[in-house]
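Since the structure comes first, as structure tokens, the remarks are kept for the end.
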Amino acid sequence: MPDSMFSIPDPVAIPVVGAGSTYPVGRIFCVGRNYAAHAAEMGHDVDREAPFYFTKSAPNAILTGATVPYPPGTENFHHEMELAVAIGKPVFQANSEQAWDAVYAYGCALDMTRRDLQIRERNKQRPWDLGKDLENGAVFAPLTRATDWSPEDDKRIHLSVNGKLRQDAKLDELIWKIDEIISHLSGFYHLRPGDLILTGTPAGVGPVQAGDVIEGGIDGLQPIRLSLSDAE
Ligand code: MN
């Protein structure tokens, strides 16, 4: 085998509460419009059409606590607070039981979005990549294993900017539940360890500016935090 021409950075590895090893970020699948009130604020009717997805590149992922520059090319950079699901074993065409069994852990995540570009692309029926797959655009807090935490019940999901509450909802407002998402998505992909699924954001998304501090949480999970500095 010839040597590689160059090396690329190792994937981001997410700490896992109480575990001796970290969870490397592989593929990042994101569910669109999975809370009714957020679908409405984005101008869409609520429906039970099949879930849809976009992806973020693993090298664009970062860990909680970072300070990153306001990204280029946007004048409307938005926060989206989400529950992330980390896959722990290979699963394909899963039923509900197999879907739950494939979950290794859960964590808080931010789906940072260049909203102006996303909407421009959407209106032209183009892919959302410029709006969604930006550098530092997927943020992960430490994971909590599925043996220690469950998305059942009415756990609260929330996000504040500079201490002011922006997003505040319950996980039971998810239109597509965790097992339903994994069942559906695994009909198209052989899901495997390293795959992370961002399950969608509740209502209350909005713009952030250089100097802002974004803090989010989900009951029982490790909190998440992102700070924005001036554009480069
Ligand atoms: Mn999202």
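The values are calculated or read from the model by the stated rules, or taken from the named source; none is laboratory data. Since we're looking at a predicted model, the values are computed, not measured. In this analysis, Cβ positions are derived from the backbone assuming ideal geometry, glycine residues included, and neighbour counts consider all displayed protein chains. Surface accessibility is based on the protein's heavy atoms, side chains included, excluding ligands, DNA and RNA. Shrake-Rupley method; radii C 1.70, N 1.55, O 1.52, S 1.80 Å.
At q = 0.13 Å⁻¹, what log₁₀ I(q)/I(0) does a Debye calculation on the Cα points of the chain give, no solvent, two decimals?
Once normalised to I(0) and log-transformed, intensities are -0.74.
With r defined as the distance between the Cβ atoms of GLU232 and GLN93 and R0 fixed at 41 Å, what FRET efficiency is calculated, to the nearest 0.05?
For GLU232 and GLN93, the calculated efficiency is 0.40.
Residue by residue through region 182-187, what is 3J(HN,Hα) from phi via Karplus (6.51 cos²θ - 1.76 cosθ + 1.60, θ = phi - 60°)? Round to whole Hz and write x for glycine and proline.
Here the 3J(HN,Hα) series is 5, 4, 5, 4, 6, x Hz.
Using +1 on the beta carbon of Lys and Arg, -1 on that of Asp and Glu, and nothing else charged, what's the dipole of the chain about the Cα centre, debye to 20?
With only Lys, Arg, Asp and Glu charged at Cβ, the dipole is about 240 debye.
Taking trypsin sites (Lys or Arg not before Pro) as candidate sites, keep only those in a DSSP loop with at most 15 other Cβ atoms within 10 Å, then name the longest stretch of the chain containing none of them.
125-232
Run the numbers on the chain and let me know its relative contact order in percent, using alpha-carbon pairs under 8 Å that are six or more apart.
Dividing the mean separation by the residue count of the chain yields 31 percent.
Quick one: if the Förster radius is 30 Å, what FRET efficiency do ASP3 and PHE188 give, using the C-beta to C-beta distance and rounding to 0.05?
The value I calculate is 0.30.
Which one of THR113, SER183, GLY18 has its Cα pushed farthest toward the positive end of the charge dipole of the chain, where Lys and Arg give +1 and Asp and Glu give -1 at the Cβ?
Going by the Cα projections, it comes out as THR113.
Say we join alpha carbon atoms closer than 10 Å with springs in a Gaussian network model of the chain; which of ASP212, ASP45, ASP129 then has the biggest fluctuation?
Of ASP212, ASP45, ASP129, the Gaussian network model singles out ASP45 as fluctuating most.
Find the accessible area per residue for the chain; the probe is 1.4 Å, ligands and nucleic acids are left out, and the unit is Å².
48 Å²
Hey, quick one: spin label on ARG122, modelled 7 Å out along Cα-Cβ, who in region 45-73 has an amide N within reach, i.e. under 11 Å?
45
List the chymotrypsin sites (Phe, Trp or Tyr not before Pro) within region 1-108 that DSSP assigns to loop and that have no more than 16 neighbouring Cβ atoms inside 10 Å.
PHE6, PHE52, PHE92
Once every DSSP H run of n ≥ 4 in the chain is given -39500 (n - 2.57) and the sum is divided by its residues, what mean residue ellipticity at 222 nm do you get, rounded to the nearest 500 deg cm²/dmol?
Using -39500 (n - 2.57) per qualifying helix, the result is -3500 deg cm²/dmol.
So how exposed is THR144, as accessible area in Å² (1.4 Å probe, rounded to 10)?
About 10 Å², ignoring ligands and nucleic acids.
Work out how much length ASP101 to GLU135 would gain on full extension: take 0.36 nm times their residue separation and subtract the Cα-Cα distance, in nm to one decimal. Each step should come with its number before you reach the end.
Values: separation 34, 0.36 × 34 = 12.24 nm, distance 3.19 nm.
Value of the extension gain: 9.1 nm.
Sequence-distant or interchain residues sharing an amide H contact under 5 Å with ARG33, placed H: which?
Residues meeting the amide H criterion: THR201.
Keeping the other protein chains in place, figure out the carbon and sulfur percent of the accessible area of region 15-75, with a 1.4 Å probe.
That fraction is 55 percent.
In region 10-105, which GluC sites (Glu not before Pro) are in a loop and have at most 10 other Cβ atoms within 10 Å, using DSSP for the loop call?
GLU49, GLU75
Restrict the search to region 98-196; then list the GluC sites (Glu not before Pro) that DSSP places in a loop and that have at most 12 other Cβ atoms within 10 Å of their Cβ.
GLU152
With just the Cα atoms defining each centre, how far is region 28-68 from region 123-145? Give it in Å.
Centre-to-centre (Cα) distance: 7 Å.
Points 7 angstrom from Cα along the Cβ direction at LYS164 and ASP212: gap in nanometres?
In this crude spin-label approximation the distance works out to 1.0 nm.
For LEU143, list long-range residues whose amide hydrogen, built 1.01 Å from N in the peptide plane, is under 5 Å from its own amide hydrogen.
Under 5 Å from the amide H of LEU143: VAL16, VAL17.
Could you run the Karplus curve 6.51 cos²θ - 1.76 cosθ + 1.60 with θ = phi - 60° over region 188-205 and give me ³J(HN,Hα) per residue in whole Hz, x for Gly and Pro?
10, 9, 7, 5, 7, x, x, 6, 10, 10, 8, 8, x, 10, x, 4, x, 4
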